[in-house]
Amino acid sequence: SRGLDMAVKNANDGISIAQVAEGAMNESTNILQRMRDLSLQSANGSNSKAERVAIQEEVTALNDELNRIAETTSFGGNKLLNGTYGTQSFQIGADSGEAV
């Protein structure tokens, strides 16, 4: 039935959205772990000024990348990670009210 076909499409879209967001979150986690490592490295009192500057430059670049991920991760024209997506539901049954 047409309703069931649409429900399957909606469910697949929901899965795709979750996969896109998951990929971006995994990338963000890797960036945050690198930023943590750099923070620990910068706490070492034996770093030269040049080393501290280099660490700060990398942290700044990583922060910019986090912001880029948040602003560009999207599905169907909707940004997923910048705080504007909000709460969405997907009808996954043939009848109205069967949504997640």
### Message
Against the definition (more than 25 Å from A70 (Cβ to Cβ), of a type in the set (A, V, I, L, M, F, W, C) and in a helix (DSSP H, G or I)), how does A11 come out, yes or no?
### Response
yes
### Message
If M35 meets every condition in (1) under 17 Å from the mean Cα position of the chain (by Cα); (2) closer than 30 Å to Q91 by Cα apart from one, which number is that one?
### Response
(2)
### Query
Out of all the residues in the range 1-14, which are of a type outside the set (D, E, K, R) and surrounded by fewer than 11 Cβ atoms within 10 Å (Cβ to Cβ)?
S1
### Message
Can you pull out every residue in the range 26-57 that is of a type in the set (A, V, I, L, M) and part of a loop (DSSP other than H, G, I, E, B)?
### Response
A43
### Message
Considering only the range 63-71, I want to know if a residue exists there that is surrounded by 11 or more Cβ atoms within 10 Å (Cβ to Cβ) and touching a Lys or Arg at 6+ places or on another chain (Cβ under 9 Å).
### Response
yes
### Query
Quick check: anything in the range 58-74 assigned to a helix (DSSP H, G or I), in contact with a helix residue (DSSP H, G or I) (Cβ under 6 Å, 6 or more places away or on another chain) and in contact (Cβ under 8 Å) with a residue 40 or more places away in the chain?
yes
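All of the numbers you see were taken from the coordinates with simple rules; none came from a lab. This one's a predicted model, so the numbers in the text were calculated from it and none came from an experiment. Note: ideal-geometry Cβ built from the backbone for every residue, glycine included; neighbour counts use all protein chains shown.
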